[in-house]
Amino acid sequence: MRSAHDPQALSIHFEIEINAPPAKVWAKMATLDGMNQWLARNLVFEHQVGGRFEMKGNLPGDGPYRFTGEVVTLIPEEELSFTWKHDPEDGTAWAVSTLVTLRLEAIEGGTRVTLTHTGFEALGEAAGKNAYQGHIQGWTIAKNLSDLKAAVEAG
């Protein structure tokens with residue numbers, strides 16, 4: 001997995017190459033069962049534009065987390081994007097949402113999947129930088145793209 005984050009724009013960027021065609025990769029992105037294999041367990045994800053997104057769990061040492069949003073783009077075998085808002089149940093939610101975009105590109109031998117997470121600047125300078133850094137760490141630790149690759153390549 002490669003990364004090319006932009007601290008000036010507060011933009012997170014990861015990409016991975018998967019040894020399968022875009023249709024096979026999309027199959028793991030187009031259903032809740034498929035997404036539960038790589039994005040999160042117990043995920044709420046309504047696969048339609050305007051559909052609801054919710055991901056929650058518990059991080060060792062950090063405690064519970066919850067992210068909510070809605071589907072913005074759903075182009076089969078090309079792009080899936082959804083808003084992403086830190087929305088803990090204690091009521092300290094972000095005032096605005098950020099945006100997660102997953103793009104699929106056919107390449108020789110498979111598919112390049114790019115994950116970008118943008119919009120942190122809307123949180124304000126200090127909060128935006130903190131959230132940006134925390135999410136680089138979070139996406140890295142979670143290994144979602146590596147899990148997507150493993151799920152697709154396993155069949």
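The numbers here are math on the coordinates, done by the rules we state, and not lab data. All values reported here derive from a predicted model rather than from experimental measurement. When we count neighbours, we look across all protein chains shown, and the Cβ atoms used for this are built from the backbone with ideal geometry, even at glycine.
Please order ASP147, ASP62, ASP6 by the number of other Cβ within 10 Å, starting at the fewest. Can you show the working numbers first?
Numbers: ASP147 15, ASP62 9, ASP6 12.
By the 10 Å Cβ count, ascending, the order reads ASP62, ASP6, ASP147.
Might you report the magnitude of the Cβ-based charge dipole of segment 2-153 about its Cα centre, with Lys and Arg at +1 and Asp and Glu at -1, to the nearest 20 debye? Walk me through the intermediate numbers first.
Details: 13 positive and 20 negative charges, 50 e Å.
Magnitude of the dipole: close to 240 debye.
Working out 0.36 nm times the residue gap between HIS47 and ASP147, then minus their Cα-Cα distance, what length gain in nm do you get to one decimal? Show your work: numbers first, answer last.
On the way: separation 100, 0.36 × 100 = 36.00 nm, distance 2.00 nm.
That works out to 34.0 nm of additional length.
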Query raised in the report: Given a cut-off of under 8 Å on Cα pairs at least six residues apart, what relative contact order in percent is computed for segment 2-153?
Result: 27
Report summary line: Cα extents of segment 1-105 along the principal axes, largest first, in whole Å, come to 42, 33, 28
Query - Whole-Hz couplings from phi, Karplus 6.51/-1.76/1.60, listed for segment 102-117; x for Gly and Pro - result: 10, 10, 10, 9, 5, 10, 4, x, x, 9, 9, 10, 10, 10, 10, 10
Query raised in the report: Any idea how far apart THR92 and ILE107 come out in nm if each label point goes 7 Å out from Cα toward Cβ?
Result: 3.9
Query - Calculated FRET value between ALA27 and GLN133, using beta carbons and R₀ = 25 Å, to 0.05 - result: 0.15
Query raised in the report: In segment 2-153, how many lysine pairs have Cα atoms under 24 Å apart, counting only pairs 8 or more places apart or on different chains?
Result: 13
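So which GluC sites (Glu not before Pro) in segment 75-151 pass both tests, a DSSP loop state and at most 12 other Cβ atoms within 10 Å of the Cβ? Mind showing how you got there, number by number?
Values: sites: GLU77, GLU78, GLU79, GLU89, GLU105, GLU108, GLU121, GLU125; in loops: GLU77, GLU78, GLU89, GLU108.
When the GluC sites (Glu not before Pro) of segment 75-151 are filtered for loop state and at most 12 Cβ neighbours within 10 Å, GLU89, GLU108 remain.
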